[in-house]
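First comes the structure, then the notes that go with it.
The values are calculated or read from the model by the stated rules, or taken from the named source; none is laboratory data. The structure presented is a predicted model; accordingly, all values stated were derived computationally and were not measured. So basically every Cβ, Gly included, is an ideal-geometry build from the backbone, and we count neighbours across all protein chains shown. Keep in mind that these areas ignore ligands, DNA and RNA; they rest on the heavy atoms of the full protein, side chains included. Shrake-Rupley method; radii C 1.70, N 1.55, O 1.52, S 1.80 Å.
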Amino acid sequence: MSKITTLDQFIVKKQADFAFAGGELSQLLSSIQLASKIVSREVNKAGLAHHILGSAGKENVQGEDQQNLDVFADDQFIAAFKAQGEVCGVASEENDHFIAFDEETCQNGKYVILIDPLDGSSNIDVNVSIGTIFSIYRRITPVGTKAQKEDFLQPGIRQVVAGYVIYGSSTMLVYTTGAGVNGFTFDLSIGVFCLSHPNMQIPVQGKIYSVNEGNFHAFTNEGVREYIRWCQSVNPNEGKKPYTARYIGSLVADFHRNLIKGGVYLYPATQNAPEGKLRLNYECNPMAFLIEQAGGKATDGKRRIMEITPGELHERVPLIIGSKEMVEDVENRMNQHAEVSA
Ligand code: AHM
Ligand code: MG
């Protein structure tokens, strides 16, 4: 029998990599594991269970239709964090305001979580990969009190753990504590996440560019269009196109593929979304932490994503993320052009 390392065993082995107590990391990740296994089960059933498809009839804070599974995932993650005591509050894409747990046990928790419980929600109904994205910080306010807004508005460089779960052809959990990136595949037959992608590194150059080209004429920076035109054109020296396009429309899935193969993902500012579409706190920052740990880069075109101090919980930023040289190429082109407003 080949040797298997489970996520729990891995955490124990790597305790020294976590700046704080190893037991805390294992507790935090055990809540994430538990909720993601439940969500994974429901995602897999979604095609069969008709009642779980479609909109829940409510709009979230961004004015988008919520789907039942979004709400389900949100409930599962929040319940798992609450049950366990390390976390004093949660900010989620699905809730307008952060939730500060009332329980005394939770107020003694040292961590806050920012989470997109089910990202890529437009792909739920169509059997396409979706994911959970999470980011964990040490709280700023004193232990034993209720979590406050400032606990949730810290720049990405202060993250202590970040990761995602992808619900794809298999379910995977990928995370970092600032000591590299490791990926674990869920083995359904034994019900555990097993180390399958140790020490993930993104190639410095790749061949994939991922962008919603339907927005081509709406991008507010000409450098972005110039970059896309270059990606589409035949290189006269090589007689072929430099890159190929791959775009799923689920950040987790596009990111995961590019992390493994090398590539660049762009969601720049558009006329309708002059700040970009993706949320700094629970989409861009965790992905930025992961990509930097894997040797890549994340920028909004001007600033390193992880150095931006958030002003709002649901703040949006443009995101260019992936292989280092490809991100720099986009950034250079963007900086040669002024932003054109709508
Ligand atoms: P969501 O949080 O509502 O699912 O939106 C975020 C998603 C990302 O997963 C994805 O990369 C992007 O939105 C796709 O947007 P678009 O459909 O505009 O290309
Ligand atoms: Mg999202």
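Observations on the structure shown:
- Of all residues making up segment 66-103, the number that are under 16 Å from Asp151 (Cβ atoms), among the aliphatic types (A, V, I, L, M) and open to solvent by less than 10 Å² (accessible area, probe 1.4 Å): 3
- Flag if Gly301 is open to solvent by less than 10 Å² (accessible area, probe 1.4 Å), under 21 Å from the mean Cα position of the chain (by Cα) and within 15 Å of ligand 1 (Cβ to nearest atom): no
One line per residue, one yes/no per condition, for (1) part of a helix (DSSP H, G or I); (2) farther than 21 Å from Leu173 by Cα:
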site: Gln84; (1), (2): no, no
site: Asn123; (1), (2): yes, no
site: Phe134; (1), (2): no, no
site: Ile140; (1), (2): no, yes
site: Lys146; (1), (2): no, yes
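- Residue list for segment 92-112, filter: more than 19 Å from Leu251 (Cα to Cα), assigned to a strand (DSSP E or B) and in contact (Cβ under 8 Å) with a residue 24 or more places away in the chain: Ala100, Tyr111, Val112
- Of all residues in segment 215-249 being of a type in the set (Ser, Thr, Tyr) and within 27 Å of the chain's Cα centre (by Cα), the one that is modelled with the lowest pLDDT: Tyr243
- Residue within segment 309-316 that is touching a residue at least 12 places away in the same chain (Cβ under 8 Å), in contact with a Gly (Cβ under 8 Å, 6 or more places away or on another chain), open to solvent by less than 10 Å² (accessible area, probe 1.4 Å) and within 16 Å of ligand 1 (Cβ to nearest atom) present: no
- Candidates in segment 104-143 are the residues that are charged (D, E, K, R) and farther than 21 Å from Pro310 by Cα; of these, the one that is least open to solvent (accessible area, probe 1.4 Å) is Asp125.
- Residues of segment 186-214 satisfying the condition of being under 17 Å from the mean Cα position of the chain (by Cα) and open to solvent by less than 60 Å² (accessible area, probe 1.4 Å): Met200, Ile202, Ser210, Val211
- Number of the condition not met by Pro286 [criteria: (1) over 16 Å from Ile208 (Cα atoms); (2) more than 16 Å from ligand 2 (Cβ to nearest atom); (3) in contact with a Ser or Thr (Cβ under 6 Å, 6 or more places away or on another chain)]: (2)
- Filtered residue count, segment 161-210, keeping only those that are without any contact (Cβ under 8 Å) to a residue 40 or more places away in the chain, of a type in the set (Val, Ile, Thr) and part of a loop (DSSP other than H, G, I, E, B): 1
- Considering Ala294, Ala253, the condition of being in contact (Cβ under 8 Å) with a residue 40 or more places away in the chain, within 16 Å of ligand 2 (Cβ to nearest atom) and under 16 Å from Ile208 (Cβ atoms) is satisfied by Ala253 alone.
- Matching option when the condition is open to solvent by 80 Å² or more (accessible area, probe 1.4 Å), at pLDDT 90 or above and among the polar types (S, T, N, Q), among Gln33, Gln9: Gln9
- Hey, Thr105 modelled with pLDDT of 95 or more and over 22 Å from the mean Cα position of the chain (by Cα) or not: no
- The lone criterion from (1) touching a residue at least 40 places away in the same chain (Cβ under 8 Å); (2) within 18 Å of Leu25 (Cβ to Cβ) left unmet by Arg158 is number (1).
- A single entry from Glu238, Glu222, Glu283, Glu275 fulfils the requirement of being over 30 Å from Thr171 (Cβ atoms), among the acidic types (Asp, Glu) and within 16 Å of ligand 1 (Cβ to nearest atom): Glu275.
- Residue within segment 273-281 that is over 21 Å from Asn221 (Cα atoms), open to solvent by less than 40 Å² (accessible area, probe 1.4 Å) and among the small types (Gly, Ala, Ser) present: no
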